[in-house]
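The values are calculated or read from the model by the stated rules, or taken from the named source; none is laboratory data. Here the structure is a predicted model, which means the values were calculated and not measured. Backbone-built Cβ (ideal geometry, glycine too); neighbour counts: all protein chains shown. Note: accessible area is taken over every heavy atom of the protein model, side chains too, but ligands, DNA and RNA are not part of it. Shrake-Rupley method; radii C 1.70, N 1.55, O 1.52, S 1.80 Å.
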Amino acid sequence: MTAQTDGTYDLVILGAGSGGYACALRARQLGLTVALVEEDKVGGTCLHRGCIPTKALLHSAEIAEAARHGSRLGLRTSFDGVDVASLHAYKDKVVGQLFKGLTGLVRQSGAEVVEGRGRLVDASTVEVGEGGDARRLVGRTVVLATGSAPRTLPGIEIGPRVMTSDEVLRIEEIPGRVAVLGGGVIGVELASVMAGLGAQVTVVEALDRLVAAEEPSISKVVERTFKKRGITALTGARVAGVDTTGSGATVRLESGDPIEVDLVIVAVGRGPRSEGIGLEEAGVATERGFVTTDERLRTSVEGVRAVGDLVPGLQLAHRGFGHGIFVAEDVAGLSPAPVLDVQIPRVTYCDPEIASVGMTAEQAHAAGHEVESVQYPLGGNGRSIIRGTTGSITVVREQDGPVLGVHMVGIGVSELVGEAQLMVGWEAHPEEVASLVHAHPTQGEALGEAAMLAAGRPLHAHA
Ligand code: NAD
C-alpha cells in the first residue's frame with residue numbers, strides 16, 4: 001500500500017537534534033512552514049546522550065575530586081564514594097529540565113513534530129513510518145539532520161563489559177579499573193569522569209599524543225595533569241581486540257602487554273547516521289557515509305540540504321545550531337554568511353579543560369601566513385593559582401596582523417572561549433584587545449595578558 005501524501009511544507013527536516021531543531025525554530029521565526037521528523041526525542045544526541053548528560057557527570061566527578069583534596073585548601077573533607085542511583089537522578093534532572101524547555105519551545109514555534117522514522121523517497125518527499133500507516137511529507141526543501149553515532153572497532157562487541165559513551169550514561173556501578181580506547185575528545189572526557197568518580201583509568205591512544213587535534217603543548221599539559229591524577233595514558237598504542245569474561249575484559253594491544261580491566265569504554269570516533277534514510281535511492285552523494293555539501297550546505301540533489309554531524313567536519317552541537325540557522329535563513333532568502341569550521345570554538349571538558357578556536361601556528365603557517373605565536377602561562381594569573389590550575393593560553397597572530405587562533409588549557413578555560421572567538425571571528429589585532437582593560441582577578445585577565453604579550457607590551461610576563 002502506498003503512503004498518503006500528508007501535506008506540503010516549506011521545510012521537511014529529518015532529525016530533531018541540535019541541527020534539525022535549530023533549523024525548525026529559526027524557520028518558524030521567519031514564517032516558513034515546518035515538519036520536524038523525529039523517531040526518538042527532540043534534542044537528539046547533545047541533550048540525551050552527549051553534551052548535557054556527560055557534562056553533568058563531569059561536574060559530579062569534579063566535586064568528588066575537590067572533596068578528596070579539600071585539605072589543600074585548609075578544609076577537612078573526604079570522598080566516601082558514589083551513590084550511583086542519585087548520580088543518575090541528578091544527571092537526568094538536568095536533562096529533563098532542558099528537555100521540558102525545548103519541547104515547549106518547539107511546540108510554541110508552530111513546527112509540526114512528526115513522530116517516527118523518516119526516509120527520503122525523492123528530492124522533496126520524506127516518508128515516515130512503514131506500510132499502511134506511513135505518512136508522506138512533501139518539502140520545498142528537505143533538510144537532512146540525522147547526526148552521528150558512536151563507532152566501535154572491528155570485532156569489538158558492545159555489552160555489559162564494553163560500552164560506548166551511550167551505555168556509560170546508564171552505568172550501574174563505578175568500576176574499579178577502566179580502559180578507555182581512544183584519547184580524543186570523548187576519551188579524555190570520560191577518563192576524567194571515571195577517574196574523578198574513583199576508578200583506576202588507562203587511556204589507550206593509537207597516535208603519539210592525547211587530543212591530537214589540538215595544539216601540541218596542550219596535549220603535554222593534559223598528559224602531565226592526567227599523570228598527576230593517576231590516569232595512565234598509553235600513547236602510540238593501537239588496540240588489537242578485546243576479550244570479555246563474565247567479570248571483566250582484557251584489552252589486547254598490537255604491541256605491549258594486555259590490560260586487564262572491569263570495563264572498557266570505546267571512544268574511537270563517531271560515524272554519520274546515514275544508513276537507511278534513502279540517500280542512495282534519492283541520489284544524494286556521500287563520502288564514507290557523510291553527506292557532502294557545498295558551503296551553503298546544499299547536497300548533490302537540488303532542494304536537499306544537510307546540517308550538523310552528517311556533514312564532514314567538526315562534530316559539535318553548536319556547529320549543528322549554526323548550520324540549522326544558516327539553512328533556515330538561506331531558504332528564507334536572507335543570504336546569511338556560511339558557517340566556517342575555522343571560526344567555531346572547540347571545548348573539551350576534561351580536567352584540565354581545553355578550549356580553542358582558529359588555527360594553530362602550524363596550520364596557519366601551512367595556510368601561507370607569516371605567523372607569530374606567544375604563550376602566557378596560567379601560573380602568572382592570580383585566579384588560576386587560586387583554583388590550583390596550571391596551563392597556558394597561546395595566541396597565534398599574523399605578523400603585524402589579526403589573531404588567527406587562540407589555544408587554552410587549564411581548569412576554567414572553557415568559559416574564556418567566548419572572548420577568544422570574538423578575537424578570531426572579528427579579526428581583532430592583539431593591540432586592540434590589549435588596550436581593553438580586563439577585570440582583575442579573573443582568568444579572563446590571562447587572555448588579556450596573552451594579547452598584551454602578543455602586542456609586545458606585556459605586564460605580568462616577560463616579553
Ligand atoms: P576523536 O576522533 O576525537 O578521537 C578518537 C581517537 O581514537 C583518536 O585520537 C584516534 O587516534 C583513536 N583511535 C582510533 N582507533 C584506535 C585504535 N584502534 N586504538 C587506539 N586508539 C584509536 O573521536 P571521539 O573522542 O570519539 O569523539 C567523536 C566526536 O564527537 C569528535 O568529533 C568530538 O569533537 C565530538 N565530541 C565533542 C565534544 C565536545 O565538544 N566537548 C564531546 C564529545 C564528543
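Pick from the range 144-198 the residues that are crowded, with 24+ Cβ neighbours inside 10 Å and on the phi > 0 side of the Ramachandran plot: which of them is nearest to the ligand (Cβ to nearest atom)?
Per the criteria, the residue is GLY182.
Residue-wise test of (1) in contact with a strand residue (DSSP E or B) (Cβ under 8 Å, 6 or more places away or on another chain); (2) more than 13 Å from ARG397 (Cβ to Cβ); (3) in the same structural domain as ARG26 (by TED's automatic domain parsing).
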position: VAL331; (1), (2), (3): yes, yes, yes
position: SER356; (1), (2), (3): yes, yes, no
position: THR360; (1), (2), (3): yes, no, no
position: ALA366; (1), (2), (3): no, yes, no
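At least 1 residues that are more than 23 Å from the chain's Cα centre (by Cα), among the small types (Gly, Ala, Ser) and surrounded by fewer than 20 Cβ atoms within 10 Å (Cβ to Cβ) in each: list the helices (runs of 4 or more DSSP H) lying fully within the range 300-395 that qualify. Working first, answer last.
Numbers: elements: 317-331, 361-366, 382-386.
In the range 300-395, the matching helices (runs of 4 or more DSSP H) lie at 361-366, 382-386.
Among the residues of the range 3-20, are any open to solvent by 60 Å² or more (accessible area, probe 1.4 Å), under 24 Å from ASP309 (Cβ atoms), away from the ligand (no atom under 16 Å from the Cβ) and touching a strand residue (DSSP E or B) at 6+ places or on another chain (Cβ under 8 Å)? Reasoning before the result, please.
Restricting attention to the range 3-20, the residues satisfying the condition of being open to solvent by 60 Å² or more (accessible area, probe 1.4 Å) are 4-6, 8.
Filter once more, so that each one left must be under 24 Å from ASP309 (Cβ atoms): none.
Checking the range 3-20: not a single residue is open to solvent by 60 Å² or more (accessible area, probe 1.4 Å), under 24 Å from ASP309 (Cβ atoms), away from the ligand (no atom under 16 Å from the Cβ) and touching a strand residue (DSSP E or B) at 6+ places or on another chain (Cβ under 8 Å).
For the range 224-242, what are the residues that are more than 13 Å from the ligand (Cβ to nearest atom) and either surrounded by fewer than 20 Cβ atoms within 10 Å (Cβ to Cβ) or not in a loop (DSSP other than H, G, I, E, B) (or both)? Step through it out loud before you land on a result.
Our first condition is that a residue be more than 13 Å from the ligand (Cβ to nearest atom); within the range 224-242, this holds for 224-232.
The answer is ARG224, THR225, PHE226, LYS227, LYS228, ARG229, GLY230, THR232.
Scanning the range 85-112 for residues that are of a type in the set (D, E, K, R) and closer than 21 Å to GLY31 by Cβ, which turns out surrounded by the most Cβ atoms within 10 Å (Cβ to Cβ)?
We begin by selecting, within the range 85-112, every residue of a type in the set (D, E, K, R); these are 91-93, 100, 107, 112.
Right, trim to closer than 21 Å to GLY31 by Cβ and you get 107, 112.
Numbers: ARG107: 11, GLU112: 17.
Taking the candidates together, the pick is GLU112.
Scan (1) free of Cβ contacts under 8 Å to residues at least 40 places away in the same chain; (2) within 16 Å of the ligand (Cβ to nearest atom); (3) of a type outside the set (Phe, Trp, Tyr) for the single condition GLY104 breaks and write down its number.
(2)
Which of the residues that make up the range 274-290 are within 16 Å of the ligand (Cβ to nearest atom) and open to solvent by less than 30 Å² (accessible area, probe 1.4 Å)?
SER274, GLY289, PHE290
Please go through the range 165-194 and give me each residue that is of a type in the set (A, V, I, L, M) and under 20 Å from the mean Cα position of the chain (by Cα), ordered by number. Show your work before the answer.
From the range 165-194, those of a type in the set (A, V, I, L, M) are 168-169, 171, 174, 178-181, 185-186, 188, 190-191, 193-194; that's our starting set.
Correct list: VAL168, LEU169, VAL180, LEU181, VAL185, ILE186, VAL188, LEU190, ALA191, VAL193, MET194.
Which residue pairs have Cβ atoms closer than 6 Å, lie 6 or more positions apart in sequence or on different chains, and pair a first residue in the range 42-53 that is assigned to a helix (DSSP H, G or I) with a second residue that is within 11 Å of the ligand (Cβ to nearest atom) and open to solvent by 10 Å² or more (accessible area, probe 1.4 Å)?
Correct list of pairs: GLY44/GLY147; THR45/GLY147; CYS46/ALA317; CYS51/ALA317.
I need the full set of residues from the range 243-273 which are open to solvent by 80 Å² or more (accessible area, probe 1.4 Å), within 23 Å of the chain's Cα centre (by Cα) and within 11 Å of the ligand (Cβ to nearest atom), in order please.
Of everything in the range 243-273, nothing turns out to be open to solvent by 80 Å² or more (accessible area, probe 1.4 Å), within 23 Å of the chain's Cα centre (by Cα) and within 11 Å of the ligand (Cβ to nearest atom).
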